[in-house]
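What follows is a short report on a single structure.
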């Protein structure tokens, strides 16, 4: 390893974003090109992570270390495991697609739009790489700012409400986790390193408080029922690119936080309160699945479907088995592709008809056959059809929960019914049937640019569904390591 | 035995005093067109003070005037901060005061006298020196608020400021006289020694403490002694509001440190004032943040925001450890930097005959000027304490100290109120980025304003990415000054 790959992966997109910002809105064309080059370069520099990643090794790889705030022993400490690797790659791919997807749609303040996404990409890579608690927090919070701007500036009619709600909800959640982090820092004798936190003996009552603080932060981000209400608003109002990044990557910060912070740092509290979290997850899966069924707005429907699918992620995490955890991580990746693709599909139709209401559509297949075929694939993946990426994670999680308790598995399994119901019913009403109105009559099929974006995602969805083994290989050791750290009693015994 | 008082630690003050007199006299002979000379000379004086303080910082014995005056590292660092803040304030205000007929010798002379007061406060090691500095500062500020004598709001604000300020001074003096009665000394270090020796009457000390803390509360603008803050902030000309809200806070921090920590730092007294400060801090956070939400006048909103920031500052002080004092110092330095930038933005948007003091005046700033909108974005995020800008680290270091001192609940309270605070800072961001502009007038600042304001914004970001050096500096200042 000749250069600090992780730092490049974090800072290259941010630097590209600043360049785009410097170009300014008056040179929109140049801004687009630089943004695309920056996004592709961001992806290319991340690829060596995949090839050079040692799949047999446990612990963190590509580690970087430099003092940052010397007085308080805060360090710029980076490193990744298999889980971070997948999410970083997902992030880099999504950024490229989002830049391409916004190519023509965004006409006002182009450079600011592109810059926001590039910076967001770098910051989220930072979250996935950070091994220092404060560094993690800084990146975690900083992602709010570009997304706030994206929703508020390029969003729909009710964008201000959505943007402010998004910001305050997430900030409220994470501020408590900051208090928890400072508390851990003091207990650890002045270190913010996550690795030190992992080895810190903690009594159960302290663990529970820390766990609850983390829970609030990450549950808002995931989002879990009942703190999910910001998500439908944010999704509905955000521009397509914003929805895609929000669903594909930002929600993963919550799941990632559980796995990177909650489980290893406070394992006993995590075990003790697992039942509570599982209950919330199941409510999300079942109840929010039902809520999705009655939505009349497509974006809102997909947003609720996201909440329901993310319920699977938290369920898989808190089952405490290798299978469940791998399933949860694969579900995160798959959801990144599928929900991103679905939001893009809605975006494609919205640009043409300027409506997200299901009732305004019907018979789209007659005018946009290619689009309808791709949309079909993503709809199937969203309902968890075997052979698509959506199946892999859900299946693993259901399997893992079956080993724990039949009824958990049964409740979780209901998603296969509800998921299929709300997705396919929407698909049927929008795509099939007679041509509903003159707007649909005028529809033209997708352009090459849209075709490329959706095509890449379709390949990813199918590839991951048919041959998930390479992803599993990357994850095995990481998941085992997290489970080893999350063994109950480890921290309680240390204190004796 | 030394017969000649060594002046080395006070060179900057002596130089400043001489220069103020020179400027005062010289200005009499200048016509209005030549007023730029006064301005340039004032800035040059600040530069001279900067060099002198930098020089005396490396000199040996910090005490002089029989121990009434001390130029330790904390004082010197704060003074350097004061020079920078005053210089920035002058650059930001230039166009504004020119357009309002305040570009006259009085403005500069009063500014420099106020600054002299702040410097004396920062270096005071004796209750008399402390009081002298405070009154020099306050009287200059009262006059500055009333500088626009035809403006009814400004004169009302000045009156209010004066009456309440005089009341506060009275309380402080009363407390000080009781301290003298109890300890027989006005010199802070000797006073502390007497208290430590157990020779002082505890009841009297606690009684004095109450008056002192109340007086400090007035000067800082902490709840429940905050009533003057919003009116004065709103009523004073924006340039003067900027003056009141920035550099004097550094001096006020020194004041708190000198009197509470150096003078009344005995353990049993710390326990007493800790609780007084806790109540003031929590009340300031609550009232400052909640009331700010309802404001439509930006200057008034910032006044309430100041109150809440003072609450945070008190949190750092009440931790009662060197880390806590260092965090409070870091907080106040960062706060001054943010405040300068924010009022700089208001001055930027104001022009002849137009005061940009309603929050709606910021609507659509991103369309009028993306760069200044970006700077304001950084400033607002910093005030709200969102990473990666420096305001976050200021809040972080205070929370750190508070939790370390065992007040976990206090940290949670502070965090919850800063969440409420985030809402009104976010509203400004929302207006700038999401709304259409009301005012299409081009933004054309002079070169000084443009560069300094940009540097101010970049500093907010840069100190946010690399907060280490500034934190270390504060840590050292406190550690070396409070042995």
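Please go through region B:434-447 and give me each residue that is more than 26 Å from residue A:113 (Cα to Cα) and crowded, with 16+ Cβ neighbours inside 10 Å, ordered by number.
Hit for region B:434-447 is B:445, nothing else.
Kindly list the number of the only condition in (1) assigned to a helix (DSSP H, G or I); (2) farther than 27 Å from residue B:191 by Cα that fails for residue B:102.
(1)
Of the conditions (1) in contact with a helix residue (DSSP H, G or I) (Cβ under 8 Å, 6 or more places away or on another chain); (2) under 24 Å from residue B:91 (Cβ atoms); (3) surrounded by fewer than 24 Cβ atoms within 10 Å (Cβ to Cβ), residue B:354 fails just one. Which one is it?
(1)
Here is a yes/no grid of residues against (1) in a helix (DSSP H, G or I); (2) closer than 24 Å to residue A:351 by Cα:
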residue	(1), (2)
A:76	no, no
A:90	yes, no
A:93	yes, yes
A:100	yes, yes
A:104	yes, yes
A:126	yes, no
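Can you give me the number of residues within region A:59-116 that are at pLDDT 85 or above, more than 30 Å from residue A:451 (Cβ to Cβ), within 14 Å of another protein chain (Cβ to nearest Cβ) and buried (at least 22 other Cβ atoms within 10 Å of the Cβ)?
Number of matching residues: 1.
Out of curiosity, is residue B:347 farther than 30 Å from residue B:261 by Cα, more than 14 Å from chain A (Cβ to nearest Cβ) and touching a strand residue (DSSP E or B) at 6+ places or on another chain (Cβ under 9 Å)?
No.
Is it the case that some residue within region A:414-432 is over 18 Å from residue A:380 (Cα atoms), touching a residue at least 12 places away in the same chain (Cβ under 8 Å) and either part of a helix (DSSP H, G or I) or in contact with a strand residue (DSSP E or B) (Cβ under 6 Å, 6 or more places away or on another chain) (or both)?
Let us first name the residues in region A:414-432 that are over 18 Å from residue A:380 (Cα atoms), namely none.
Taking every residue of region A:414-432 in turn, none turns out to be over 18 Å from residue A:380 (Cα atoms), touching a residue at least 12 places away in the same chain (Cβ under 8 Å) and either part of a helix (DSSP H, G or I) or in contact with a strand residue (DSSP E or B) (Cβ under 6 Å, 6 or more places away or on another chain) (or both).
What's the total number of residues in region A:221-235 that are assigned to a helix (DSSP H, G or I) and surrounded by fewer than 24 Cβ atoms within 10 Å (Cβ to Cβ)?
Summing the residues that are assigned to a helix (DSSP H, G or I) and surrounded by fewer than 24 Cβ atoms within 10 Å (Cβ to Cβ) in region A:221-235 gives 2.
When region B:253-279 is examined, which residues are found to be surrounded by fewer than 23 Cβ atoms within 10 Å (Cβ to Cβ) and free of Cβ contacts under 8 Å to residues at least 60 places away in the same chain?
Within region B:253-279, B:267, B:270, B:271, B:274, B:275, B:279 qualify.
Tell me which of these residue A:362 doesn't satisfy, since it passes every other one: (1) in contact (Cβ under 8 Å) with a residue 60 or more places away in the chain; (2) farther than 30 Å from residue A:92 by Cα; (3) assigned to a helix (DSSP H, G or I).
Of everything listed in (1) in contact (Cβ under 8 Å) with a residue 60 or more places away in the chain; (2) farther than 30 Å from residue A:92 by Cα; (3) assigned to a helix (DSSP H, G or I), residue A:362 misses just condition (3).
What residue, among those in region A:129-141 that are touching a strand residue (DSSP E or B) at 6+ places or on another chain (Cβ under 7 Å) and over 16 Å from residue A:73 (Cα atoms), is nearest to the other protein chains (Cβ to nearest Cβ)? Break it down into steps so the answer makes sense when it comes.
Initially, region A:129-141 is screened for residues touching a strand residue (DSSP E or B) at 6+ places or on another chain (Cβ under 7 Å), giving A:129-132, A:134-136, A:139.
Okay, now just the ones that are also over 16 Å from residue A:73 (Cα atoms), so A:129, A:139.
Details: A:129: 15, A:139: 8 Å.
So the residue we want is A:139.
May I ask you to list the residues in region B:280-303 that are in a helix (DSSP H, G or I) and surrounded by fewer than 22 Cβ atoms within 10 Å (Cβ to Cβ)?
Scanning region B:280-303 gives B:282, B:283, B:286, B:287, B:290, B:291, B:293.
Kindly evaluate residue B:173 against the criterion of being out of contact with any strand residue (DSSP E or B) (no Cβ under 8 Å at 6 or more places or on another chain), part of a helix (DSSP H, G or I) and without any contact (Cβ under 8 Å) to a residue 60 or more places away in the chain.
Yes.
Against the conditions (1) under 30 Å from residue B:91 (Cβ atoms); (2) surrounded by fewer than 24 Cβ atoms within 10 Å (Cβ to Cβ), where does residue B:226 fall short? Just the number, please.
The number of the failed condition is (2).
Can you name the helices (runs of 4 or more DSSP H) wholly within region A:142-201 that have at least 1 residues being at the interface with chain B (Cβ under 10 Å from one of its Cβ atoms) and under 15 Å from residue B:384 (Cβ atoms)?
Fully inside region A:142-201 and qualifying: A:144-154, A:159-187.
Do we have residue A:138 as free of Cβ contacts under 8 Å to residues at least 40 places away in the same chain and in a helix (DSSP H, G or I) here?
On the way: free of Cβ contacts under 8 Å to residues at least 40 places away in the same chain: yes; in a helix (DSSP H, G or I): yes.
Answer is yes for this residue.
Name the one entry in B:47, B:67 that is farther than 17 Å from residue B:117 by Cα and touching a strand residue (DSSP E or B) at 6+ places or on another chain (Cβ under 6 Å).
When all the criteria are applied, what remains is B:67.
Quick one: which helices (runs of 4 or more DSSP H) sit completely within region A:248-358 and have at least 2 residues that are without any contact (Cβ under 8 Å) to a residue 12 or more places away in the chain?
Helices (runs of 4 or more DSSP H) meeting the threshold: A:274-283.
Working carefully through the options B:80, B:90, find the one that is within 17 Å of the chain's Cα centre (by Cα), crowded, with 16+ Cβ neighbours inside 10 Å and more than 28 Å from residue B:479 (Cβ to Cβ). Write out each step before concluding.
Details: B:80 fails: more than 28 Å from residue B:479 (Cβ to Cβ).
Going through B:80, B:90 in turn, the sole match is B:90.
Given (1) in contact with a helix residue (DSSP H, G or I) (Cβ under 7 Å, 6 or more places away or on another chain); (2) in contact (Cβ under 8 Å) with a residue 60 or more places away in the chain; (3) farther than 24 Å from residue B:22 by Cα, identify the lone condition not met by residue B:133.
Checking residue B:133 against (1) in contact with a helix residue (DSSP H, G or I) (Cβ under 7 Å, 6 or more places away or on another chain); (2) in contact (Cβ under 8 Å) with a residue 60 or more places away in the chain; (3) farther than 24 Å from residue B:22 by Cα, the one that fails is (3).
Name the single residue that is farthest from the chain's Cα centre (by Cα) among those in region B:357-368 being surrounded by fewer than 24 Cβ atoms within 10 Å (Cβ to Cβ) and either within 14 Å of another protein chain (Cβ to nearest Cβ) or over 12 Å from residue B:96 (Cβ atoms) (or both).
Checked region B:357-368; the qualifying residue farthest from the chain's Cα centre (by Cα) is B:367.
Test of understanding: among B:477, B:481, B:397, B:418, which residue is at pLDDT below 85 and either under 21 Å from the mean Cα position of the chain (by Cα) or buried (at least 19 other Cβ atoms within 10 Å of the Cβ) (or both)?
Among B:477, B:481, B:397, B:418, only B:481 is at pLDDT below 85 and either under 21 Å from the mean Cα position of the chain (by Cα) or buried (at least 19 other Cβ atoms within 10 Å of the Cβ) (or both).
For region B:369-483, give me every one of the helices (runs of 4 or more DSSP H) that falls completely inside it and has 2 or more residues that are more than 8 Å from chain A (Cβ to nearest Cβ), within 30 Å of residue A:163 (Cβ to Cβ) and in contact (Cβ under 8 Å) with a residue 60 or more places away in the chain.
B:370-384, B:390-404, B:408-434, B:447-465
The values are calculated or read from the model by the stated rules, or taken from the named source; none is laboratory data. In this text, all values refer to a predicted model and were calculated from it rather than measured experimentally. Glycine also receives a Cβ, built like all others from the backbone with ideal geometry; neighbour counts cover every protein chain displayed.
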